[in-house]
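Visitor: Quick one: structure below, then a few questions.
Here, each number is a calculation from the coordinates, and none is a lab measurement. All values reported here derive from a predicted model rather than from experimental measurement. Heads up, the Cβs are rebuilt from the backbone with ideal geometry, glycines too, and the neighbour counts pull from every protein chain shown.
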Amino acid sequence: MNSSIIGKFAENAVNFLFQHFRGGFDAFSAALGAVVKLLEDGLAAVPFVAMLVILMAFALWRRGVLFSAFVGIALLAIHYMGLWSQTVSTLALVVAATFFSLVIGVPLGIWGARNRRVEVVLRSLLDFMQTMPAFVYLIPAVILFGLGRVPAVIATIVFSMPPVVRLTTLGIRQVREELLEAGRSFGSTDTQLLWKIQLPNALPSIMAGVNQTIMMALSMVVVASMIGAGGLGEYVLSGIQRLDIGIGFEGGLGVVLLAIVLDRLTESFGVRSKKAGTGARTAKAGAGAAART
């Protein structure tokens, strides 16, 4: 089956980038690979018992006793199935992809909230990024960066970044106008309004974007096991290739447990932020702080 003119254009564009900027892609691949490897080695160096205690204590602080107990049971189940090393590898990929998604996505969301034309362009681009099948991202990633974790992280960033961009823009746009007027009446600059009023009040929406980005990154990392990403996705892929229900179920269960833990922990920040951000006194304090700095 031959591709149409549109498909040939996309193919030629990727080939052009590969032929003329191969050195840059290789250097970027080496740098990103080193970051992911450092992160994975750092997580792997922490003993399982220490990680268990740390995560249970963190869950106790954020969600309470019941969720802390669930985290302990989930991690013990993963360890019992012999999937702890794969879980650490998956977690490193998710953390790396989420970090870069936020570094790129949050500023883009702020830019879109402050410029209507930029928002229109971003909206169209994000629609394309979210509706394109996840498998399609793997093709140019492999061509430009080869097999392994680096193209997996790149494809995951592209796939998982739209939620944080959209919800950052939405959160800033939904800040009440009277709060902005109060800040301006105290002589606040646009930068002060952003940091002292808009971002604090938009934090629940931004944290919801972070939560969705983490979930999408986790789902994409599993798909990216087909290009050598490793981790729990590779375990699931092995079960599919061998038609082994037991291996596939254990790998899938590991992904589900990790997803629930990450989802509930990141969700707690948005909930707490929303509670902390309500009330007239908080709004007035934010406006006053913007005026004093």
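Visitor: Residues with amide H under 5 Å of Leu83's amide H, sequence separation 5 or more or different chain, H placed in the peptide plane at 1.01 Å from N; which?
Guide: Sorted by chain and number, the residues that satisfy this come to none at all.
Visitor: Can you tell me the dipole magnitude for the chain around its Cα centre, using point charges on the Cβ only (Lys, Arg +1; Asp, Glu -1), in Debye to the nearest 20?
Guide: Working: 23 positive and 15 negative charges, 226 e Å.
I would put it at about 1080 debye.
Visitor: Hey, could you grab the Kirkwood Rh for region 1-112? Inverse mean 1/r over distinct alpha carbon pairs, Å, one decimal. Display every interim value, and only then the final one.
Guide: On the way: mean 1/r = 0.0562 Å⁻¹.
It is 17.8 Å.
Visitor: Charges at C-beta only: +1 for Lys and Arg, -1 for Asp and Glu. How large is the resulting dipole of region 167-231 about its Cα centre, in Debye rounded to 20? List each step's numbers first, then the result.
Guide: Values: 4 positive and 4 negative charges, 19 e Å.
Roughly 80 debye for region 167-231.
Visitor: Here's a follow-up. Based only on Cα atoms, what Rg/Rh ratio does the chain have, Rh being taken as Kirkwood's radius?
Guide: Numbers: Rg = 21.6 Å, Rh = 21.1 Å.
Rg/Rh: 1.03.
Visitor: Using 0.36 nm times the number of residues separating Val14 and Ile54, minus their current alpha carbon distance, what extension gain do you get? List each step's numbers first, then the result.
Guide: Working: separation 40, 0.36 × 40 = 14.40 nm, distance 4.40 nm.
Computed gain between Val14 and Ile54 is 10.0 nm.
Visitor: Applying 1/(1 + (r/R0)^6) with R0 = 51 Å to the Cβ-Cβ distance of Met226 and Leu66, what FRET efficiency is obtained, to the nearest 0.05?
Guide: Values: r = 37 Å, r/R0 = 0.72.
In this case the efficiency is close to 0.85.
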